[in-house]
Amino acid sequence: MATTTFSSDNLRKLLRLNFFNYSETNYMVFGIRGGIPISDKFETFKFSHEIEKREIDFTKAACTIGIWKPSQNQIALFPGSTVPNLKYMKAHIAGLEKANSMMSGYYSFYEKGFHNPSPKNAHQALRLATNIALRRSTDNLVFDNNDPIEVGNPNDNIHAAYCSTVDGAYSSAGCQVIIGQPKTIGRGQNSQNTGYWKTFFDIIYKETSQTKFDYSIFRYVDAEILATEGNNLMQSRLRFGSQGNIVLQLQEILESKNFFFTEKDARFGRNTLMAVINYQIATFGKDSADGVVGNNTANSLGLVLPKL
């Protein structure tokens, strides 16, 4: 399996490349889809950690959830999943459950609260308190550009995976989950948080008084590219959660081409995402409509994306 070294500086540059309005003082949570931490004591805060590429099969953990301390320039990593479990995907197709895959982007904010799937399984976690961009697969057991996009709050919380190993059957219909068991009524009056979830929980709930946390999610390939090219100028891009004058330019261009019909606010949210998707479908076809403004889409629009 391929491996890469991912650092605090890599994360910071990823955030800048996507024009995410992050804090240099607050703790932030982030996800890396398709890669598992493998370095020694990866759950402790260090400048960098090793991540191993993993194929996502929706049955076992193949992702990383991390916590970033920007003021100390350190990250801690935890194995988990950023995609729904296969059983929920099958139930979704059968019309029995709701399952989704959160799209890469920047989501502000999560807050300390409860994940509450049932009274016996409820536990303290980070509760989604904002809209996100997501896909739901209705025809097969994969997520791709042919699946419909929604923007809303599907309660994709950050919580314990309800399993003790990376090969276990994690529980998620779209939530971001960390390997370990939670303290719940169902596990007994004296139950405690366990595994990597315990370490994550103790950092979020005991180490900091911060109550709200931003969350960014990327792919393993994003981390891999930053590890090799991070010291060079790199092409920026725009996606859900981007902010600033470059987003305003994008909105103005989309408006001039009759794809954007609402207030231009310099924020890449629901309306900008749908305008980009509709433009990409009209220009490149549905298979290429990923909602990300990279080189191809920017060049087609006449938008100059800076290198950073």
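General remarks:
- Annotation for region 1-72: trypsin sites (Lys or Arg not before Pro) lying in DSSP loop with at most 13 further Cβ atoms inside 10 Å of their Cβ are Lys41.
- Structural descriptor for region 32-161: relative contact order 17 percent, calculated from alpha carbon pairs under 8 angstrom and at least 6 residues apart.
- With the simple model of a label 7 Å out from the Cα in the direction of the Cβ, Asn155 to Tyr205 spans 1.9 nm.
- Low-density loop cleavage sites - GluC sites (Glu not before Pro) in region 221-299, where at most 10 other Cβ are within 10 Å (DSSP): Glu263
- Remark: region 169-300 projects, on average over all directions, an area of 12.5 nm² (convex hull of Cα atoms).
- With the helix formula -39500 (n - 2.57) applied to DSSP H stretches of n ≥ 4, the chain reaches a computed 222 nm mean residue ellipticity of -6500 deg cm²/dmol.
- Straight-line cross-link reach from Lys46 at under 22 Å between alpha-carbon atoms covers these lysines, not counting any fewer than eight positions away in the same chain: Lys13, Lys69, Lys198, Lys206.
- Surface per residue (accessible, 1.4 Å probe) for the chain, Å²: 43
- Under Karplus coefficients 6.51, -1.76 and 1.60, residue-wise ³J(HN,Hα) of region 87-100 in Hz, glycine/proline x: 5, 6, 5, 5, 5, 5, 4, 7, x, 9, 9, 10, 9, 8
- Backbone HN-Hα couplings from phi across region 220-237 [Karplus 6.51/-1.76/1.60, Hz, Gly and Pro as x]: 4, 4, 5, 5, 5, 5, 5, 5, 9, 10, x, 7, 9, 5, 10, 6, 7, 8
- Taking amide hydrogens as placed 1.01 Å from N in the peptide plane, the amide H of Ser39 sits under 5 Å from those of Glu50, each at least 5 positions away in sequence or on another chain.
- Ligands, DNA and RNA left out, the accessible area of the chain computed with a 1.4 Å probe is 46% carbon and sulfur.
- Extension gain (nm, one decimal) between Gln189 and Glu55, 0.36 nm per residue minus Cα-Cα: 44.5 nm
- Scaled against the 2.2 N^0.38 Å expected of a compact globular protein of N residues, the Cα radius of gyration of region 66-109 reads 1.67.
- With both labels modelled 7 Å from their Cα along Cα-to-Cβ, the Asp287 to Lys264 distance reads 3.4 nm.
- Among the chymotrypsin sites (Phe, Trp or Tyr not before Pro) found in region 249-305, those both in a DSSP coil and sparsely packed, with 16 or fewer other Cβ atoms within 10 Å of their Cβ, are Phe261.
- Taking the C-alpha atoms of region 157-245, convex hull volume expressed per residue in Å³: 172
- Cα long-axis angle, helix 270-284 against the chain (0 to 90 degrees, to the nearest 10): 60
- Mean projected area of the Cα convex hull of region 1-120, taken over all directions, amounts to 9.1 nm².
- Region 158-187-region 255-274 distance, computed between alpha-carbon centres (Å): 37
- Computed 3J(HN,Hα) for region 103-120, one whole-Hz value per residue from the Karplus formula 6.51 cos²θ - 1.76 cosθ + 1.60 where θ = phi - 60°, is 6, 4, x, 10, 10, 10, 8, 9, 9, 4, x, 10, 8, 10, x, 6, x, 7, glycine and proline marked x.
- Available extension along the chain between Ser300 and Asn146 is 53.3 nm, counting 0.36 nm per residue and deducting the alpha carbon span.
- Length-normalised contact order for the chain - Cα pairs under 8 Å, 6+ apart - percent: 19
The values are calculated or read from the model by the stated rules, or taken from the named source; none is laboratory data. What you see is a predicted model, and the numbers here were worked out from it, not measured in a lab. Reconstructed Cβ throughout: ideal geometry from the backbone, glycine too, with neighbour counts over all protein chains shown. These accessible areas exclude ligands, DNA and RNA; they are computed on the full protein's heavy atoms, side chains included. Shrake-Rupley method; radii C 1.70, N 1.55, O 1.52, S 1.80 Å.
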